[in-house]
Structure formats: structure tokens, C-alpha cells
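This report refers to the structure that appears directly beneath it.
Values in this text are rule-based calculations from the coordinates and carry no lab data. All values reported here derive from a predicted model rather than from experimental measurement. Backbone-built Cβ (ideal geometry, glycine too); neighbour counts: all protein chains shown.
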Amino acid sequence: MERTYTLQDLLAALRRRRLLALVVAGAVLVVGVALALGVPSEYSATSVVQIEPRRLGLDFFPAQNGTPFEDRMRTIKHGILARPVLERVIRETDFYPDLRDDMDKALEKMRRNVEVRLEGEVPSGAPALLFVVEVHGRDAEKVARAAELLPKYYGELTRQVLEGQARALRETLDGQVEQMGKELAAHEQRLLAFKVEHTAELPELLEDNARAIGRAQSQIEMRLGAIADAQRRRLEVLSSIPESLSGPGLAESTLADAQRRLNAAEAAYGADHPDVKRARRELEESRSQREGAFDKFRSERVQGHLARLDEEVRGHEAQIASLRKEMAGYQKRIDAAPRFGQELANLSRDYEVLRAKYAATISRRADSAAAEQLLAADQPTMFRMVETPIAPRLPSSPDRPKLLWIAVLAAIALGLGAAALAEWLDASMRGPEDAATLGVPVLAAIPRIDRRRAS
């Protein structure tokens, strides 16, 4: 059977093993105190930085405006822990003298010793972001210096990036303005050339062309009337009988007299009579004279008048042909007006779109130039140090009193544990109670003899 220990038994065992407990506790305490006092002191310094709101529009840096705090904080943290910033701080402060030749390890260690966290927004005034940079290290002066330089160099790097973005945007816009200016000038030339070439076919002159056709039609009708009048007068000339006092009229009278004399002579004398023959000769002469007089009359008066009438008719016909050709040209312009109007509308629309883009690009270029000036003006106030770090007088870690208390408690616990273990491993019997664990009855027991009392 197993023996149960009372409090007195435990105290007795502790008295028996007190030397072992004291030795173990003392050794643990010495080691704990040595460790607590030997751990290097680590200092920490913090700087609180306020990001002033930029005076730039959303068009320039849309990704950095209206962004949630978590995303902005992540951007700031990555920027502060970027290699250019950390490497510059490490070299300037000589933060890790033992890692001067191994910058990669120094950067990795520095990232573990730097903490960047969001503090929140400024409660009053324009919206501004607060963040804290906390640096840990073994040199108080270097820690404070690093906590001051990290946001400063990050601000410079951010400003350089923003200035580079604004400069690149302005240069891009300069090229676009130059190219679009050339395109706009070429488009203006094409539009002007089209208007000059197709002025008469444009829809704006549709009514003018229609009125011109109406005027030409009126002139044609007037010319046709003049031709009809000339033809009527020609017929009158051809059907007119010469007057009796004129040359043809006298010749006609002479011919009639000769015909009467011939008829009278033939009736009186017969066909072979000399008077009849003379009358026949006179008749032929009168007929010849009449034909000559008529020919002369026609050539002198009728033919000339007819020629003038024919010339007048030909002139009217030529004018009519010219007017009809002119009408065909006007009609062709009217028929082509919709097509050229659509082409002009397309050219004008493209021109207006290009001109609007050109104006917008010029405006953006002016804004980008203003952005560069604003960034230069905002340089001193883009990042404002709200709380400047100072060199700490006391280390932030380790907590030596706490470590000492832990060492004391560990020494006591291990000392007691060593005594208990030694007592448990000891198989000797010190009284009837120990013998009872063997399962046999105890016949007799020799009491403990106190030597001091016996003497």
C-alpha cells in the first residue's frame, strides 16, 4: 500500500533536504539574476507625424484620394520600410555597426525593429492623417535619430515620386498638345478645303440653287416665247405681197399687161403673126423682169429680214441651251447637297471632338504645371512632425524587476522540486509508517535516539 504524507511529513522531508533545496534554489537564482541583468537593454523612440491634405485635384492622383485608412496605412508602412528609406537611415545613423558590410541583414533586422501604426485622423480642421513610427534598438541616441529620420526621408521620397508623376504627366501632355495641335491644324485645312471645293453643293445653298433654277426656267419660257414670235413674224414676211409701187409690184403689173396683149394678139391674129410673136417676147421679158425684181426684192428686203429673224431664233435657242445646262448644274448641286452635307457634318463633328480634346488637354497641362508648383510649395508641410522623438533615458525592455521576480520564483520552485524529487527517490525507512508500506506487521521499532539528549 502507498503511504500518504501529512504536512508534518513534508516539512520533515524539507528539513532533511534543506541543503539540496538551498543549493538548487541558489544556483537557479544566480543564473536567473545573471540572465536578467545580462540581457542587453533595448530602447524605443516614437515620432507622431501628421500628413497634411494636399491641395491637388483628384485628377492627378486619384488612387491616393478617397482611399480607406487601412489601405493608406499599408501604403505608408510599405513606403517607410522601403529599402531606399531604411538603407539611408541605417547608413546615416550607423544603426548596426556590426552589419556595415551586410546591408541585406541590416535591412531585415531594421524592419523587425520598426513599427508603423495608424493613429487616426485629426479631430478638427481639414482632414489629416496621423501615424506613429516606433523604432527599437540598443542605442538610445540612434533610436531617437532613426525615429526622426524615417518619416522625414519617407516624406522626401514621396514628394519626389509625386513630383516625378506630375512631371511625367506634364511632359506627356506637352507631347499630346503638340501632336493634337498638328492634327487640329490639318483638320482645319481639310475642312476649309472641302468648303471651298463644294461651296455650291452645301445644304446652306439649297434654297439659292432652287431659286436659280426658277429664274433659269423663267428665262427659258421667255426665250421660247420670243422664238415663237420670231417664227410668226417670219411667216408673215414670207406670206406678204409686195406693194404695187415697189419694183416687184411694177414688174407684176407689166407682166399682167404683157399677158393681156398676148392674149389679144392671139385672139386677133393667130399664133404665127408677128405681133403675137412680139407679144410673146414682151411677155417673156416681163416675166424675166418680174423674177429679177422678185429676186432683188427678196435679197434686199425679205431675205435680210428672214436672216435677222433666223439669227434671233438661233440666239434664243443658244440661250435656252445655256440656261438648260445651267439648270442641270443647279439640279446636280441640289441632288449632291445631302451627300456633301453629310460629309461636311462628319468633318465638322470630328473637328469639334478633336478641338474639345485639345482644349481639355491644354487645361490638364496647365493643371499639371500648377501641380508641380503646388508640390514644391507643399514640400515643407507635406509631412509635419507632431511629436518629435527624444532619446529615452530608461530602456523599454527588458523589464528587469519582473525578470528578477521570475528568477526568485523559479529558484524557490526548483529548490522545492529538487528536495521533493530526492525524497521520492530515497527508499530508506525512517519509521513504522515506512515499514507498513511493505504489507507485513511491525513487531518492534527502535525509537530515534537524540544524541544531544543522550550525551
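Assorted remarks:
- Hypothetical label at THR75: residues of the range 127-169 whose amide nitrogen lies under 17 Å (7 Å Cα-Cβ projection): 127-132, 154-167, 169
- Legend: residue pairs LYS195/LYS357; LYS109/LYS142; LYS77/LYS109, Cα-Cα distance threshold 18 Å; pairs beyond threshold, LYS195/LYS357.
- Spin-label proximity, TYR351 to the range 174-194 - amide N less than 18 Å from point 7 Å beyond Cα toward beta carbon: 180-194
- Seen from a random direction on average, the alpha-carbon convex hull of the range 70-217 projects onto 17.8 square nanometres.
- Were the residues from ARG83 through ALA226 laid out at 0.36 nm apart, the gain over their Cα-Cα distance would be 41.2 nm.
- Here's how it looks for SER396: its modeled amide H is under 5 Å from those of GLU42, TYR43, SER44, which are all 5 or more places away or on a different chain.
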